[in-house]
Amino acid sequence: MDHKHQCVALNDGYFIPVLGFGTSVPDKVPKSEVIKATKLAIEAGFRHIDSAYVYQVEEEVGLAIRSKIADGTVKREDIFYTSKLWSTFHKPDLVQPSLEQSLKKLQLDYVDLFLIHFPLPLQSGMSLSPKDEQGKAISEAVDLCDTWEAMEKCKDAGLTKSIGVSNFNCQHLEMILNKPGLKYKPVCNQVECHPFLNQRKLLDFCKSKDIVLVAYGAVGSTRDRWTDQNTPILLDDPVLGSLAKKHKRTPALIALRYQLQRGVVVLVKSFNEKRIKENMQVLRGSGVKDVKFAGGESPQAVIHVPAHLQWVSPSLTCKQLAPWPTCYQITIS
């Protein structure tokens, strides 16, 4: 793996780059833009590419990766690629075929990381979003532990190097960790995480179990139809703005650096060439070679950032911001 000094060790011996490029596409963006953006990301230095079956862009992402391999920019072993098991494929006999479908679309021999996308099994069938007559999602009775066993078989088959989960809470994780006959622990848990939703308890739990936390939405929730439009916008936060001005960085880079300094792997997404290149600046001068944190946190999966290079104060804290119980405002004490 290239850039090992910018990676974090997983509990199975592999490494995950601390900065990843997300490939989910808003409805208004044509899928062809994914090819262009992924190529730009690789050219800019991204080696961690995050996607999923349900994004329905794996053909495009695979084309972009293979084109950058073909032109000599990278080798396959330089790329860390993540795919995810969608909820309609939780039945054990559907898990490996689902991954094989992704690999066929990607035209790759293996993925580096395969995640259970959500801990909620949905009715298997042709629809990726099965609903009843009232428009409610149709769930399916599948034991997560059975799904996890099938994930372990994918690893044993060499179709994926590592396996993990996404959108799991502590109880879901404990269900897997306490499974009789567990062969492989999840290497990571990918969740929404940013200064307004800092996942402190979940992060502490994951560290205690040697599980890396991976953050999506690291610069704030997407402003889509699912989001309460009255919630505050992270990048407009005055504290982020003042820190950005002080360090001559953008608010987005401050938000990303906040996560790296607390040992969280971050995913960023953009279809803008300038912002794609700009996001890579978060790794500059970070001293990521030493996996140790000056603030006394667990050394597992934590990046040491010398005090004079820290963009975010070690005393950065979060306090609840009413009336949104799951939103937080960052303050400096």
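Consider Arg249 against the criteria (1) out of contact with any Ser or Thr (no Cβ under 9 Å at 6 or more places or on another chain); (2) more than 18 Å from Val18 (Cβ to Cβ); (3) touching a residue at least 40 places away in the same chain (Cβ under 8 Å): it satisfies all of them except one. Which criterion is unmet?
With (1) out of contact with any Ser or Thr (no Cβ under 9 Å at 6 or more places or on another chain); (2) more than 18 Å from Val18 (Cβ to Cβ); (3) touching a residue at least 40 places away in the same chain (Cβ under 8 Å) applied to Arg249, the lone miss is (2).
Quick check on the stretch 193-208: of everything there that is modelled with pLDDT of 95 or more and in contact with a Ser or Thr (Cβ under 8 Å, 6 or more places away or on another chain), which residue is most open to solvent (accessible area, probe 1.4 Å)?
Applying the filter and picking the extreme gives Ser208.
Exactly one of these conditions fails for Gln96: (1) without any contact (Cβ under 8 Å) to a residue 60 or more places away in the chain; (2) open to solvent by 40 Å² or more (accessible area, probe 1.4 Å); (3) of a type outside the set (Lys, Arg). Give me its number.
Evaluating Gln96 over (1) without any contact (Cβ under 8 Å) to a residue 60 or more places away in the chain; (2) open to solvent by 40 Å² or more (accessible area, probe 1.4 Å); (3) of a type outside the set (Lys, Arg) leaves (1) as the failure.
On the given criteria, is Gly20 open to solvent by less than 10 Å² (accessible area, probe 1.4 Å) and under 18 Å from Val219 (Cβ atoms)?
Yes: the conditions hold for Gly20.
Determine whether Glu33 is more than 19 Å from the chain's Cα centre (by Cα) and in contact (Cβ under 8 Å) with a residue 24 or more places away in the chain. First the steps, then the outcome.
Details: more than 19 Å from the chain's Cα centre (by Cα): yes; in contact (Cβ under 8 Å) with a residue 24 or more places away in the chain: yes.
For Glu33, the condition - more than 19 Å from the chain's Cα centre (by Cα) and in contact (Cβ under 8 Å) with a residue 24 or more places away in the chain - is met.
Which one of these does Gly20 not meet: (1) on the phi < 0 side of the Ramachandran plot; (2) part of a loop (DSSP other than H, G, I, E, B)?
Here Gly20 clears every test but (2).
Return the total of residues in the stretch 27-55 being farther than 23 Å from Ser162 by Cβ and open to solvent by 50 Å² or more (accessible area, probe 1.4 Å).
The qualifying residues number 9.
Does any residue in the stretch 104-133 that is within 30 Å of Ala70 (Cα to Cα) and of a type in the set (Ser, Thr, Tyr) come within less than 6 Å, Cβ to Cβ, of a residue that is part of a loop (DSSP other than H, G, I, E, B) and open to solvent by 60 Å² or more (accessible area, probe 1.4 Å) six or more places away or on a different chain, and which pairs are these?
Between residues of the stretch 104-133 that are within 30 Å of Ala70 (Cα to Cα) and of a type in the set (Ser, Thr, Tyr) and residues that are part of a loop (DSSP other than H, G, I, E, B) and open to solvent by 60 Å² or more (accessible area, probe 1.4 Å), there is no close pair.
Determine which member of the set Ser87, Ser67 is polar (S, T, N, Q), out of contact with any Asp or Glu (no Cβ under 9 Å at 6 or more places or on another chain) and open to solvent by less than 60 Å² (accessible area, probe 1.4 Å).
Ser67
Answer yes if at least one residue in the stretch 186-208 is closer than 15 Å to Ser87 by Cβ, in contact with a strand residue (DSSP E or B) (Cβ under 6 Å, 6 or more places away or on another chain) and either of a type outside the set (S, T, N, Q) or without any contact (Cβ under 8 Å) to a residue 60 or more places away in the chain (or both), and no otherwise.
So far as the stretch 186-208 goes, no, none of its residues is closer than 15 Å to Ser87 by Cβ, in contact with a strand residue (DSSP E or B) (Cβ under 6 Å, 6 or more places away or on another chain) and either of a type outside the set (S, T, N, Q) or without any contact (Cβ under 8 Å) to a residue 60 or more places away in the chain (or both).
Restricting attention to the stretch 218-254, report how many residues are outside any helix (DSSP H, G or I), modelled with pLDDT under 90 and small (Gly, Ala, Ser).
2
Taking the residues in the stretch 108-155 that are aromatic (Phe, Trp, Tyr) and outside any helix (DSSP H, G or I) as candidates, determine which candidate is most open to solvent (accessible area, probe 1.4 Å).
Phe118
If you check Lys4 against the conditions, is it at pLDDT below 95 and within 29 Å of Gly263 (Cβ to Cβ)?
Against the criterion (at pLDDT below 95 and within 29 Å of Gly263 (Cβ to Cβ)), Lys4 qualifies.
Go through the stretch 134-167 and count every residue that is without any contact (Cβ under 8 Å) to a residue 40 or more places away in the chain and polar (S, T, N, Q).
Of the residues in that region, 2 qualify.
The values are calculated or read from the model by the stated rules, or taken from the named source; none is laboratory data. Just so it is clear, the model here is predicted, and its values are computed rather than measured. Positions of Cβ are generated from backbone atoms using ideal geometry, with glycine treated the same way; all protein chains shown enter the neighbour counts. Accessible surface is based on the protein model in full, side chains and every heavy atom, while ligands, DNA and RNA are left aside. Shrake-Rupley method; radii C 1.70, N 1.55, O 1.52, S 1.80 Å.
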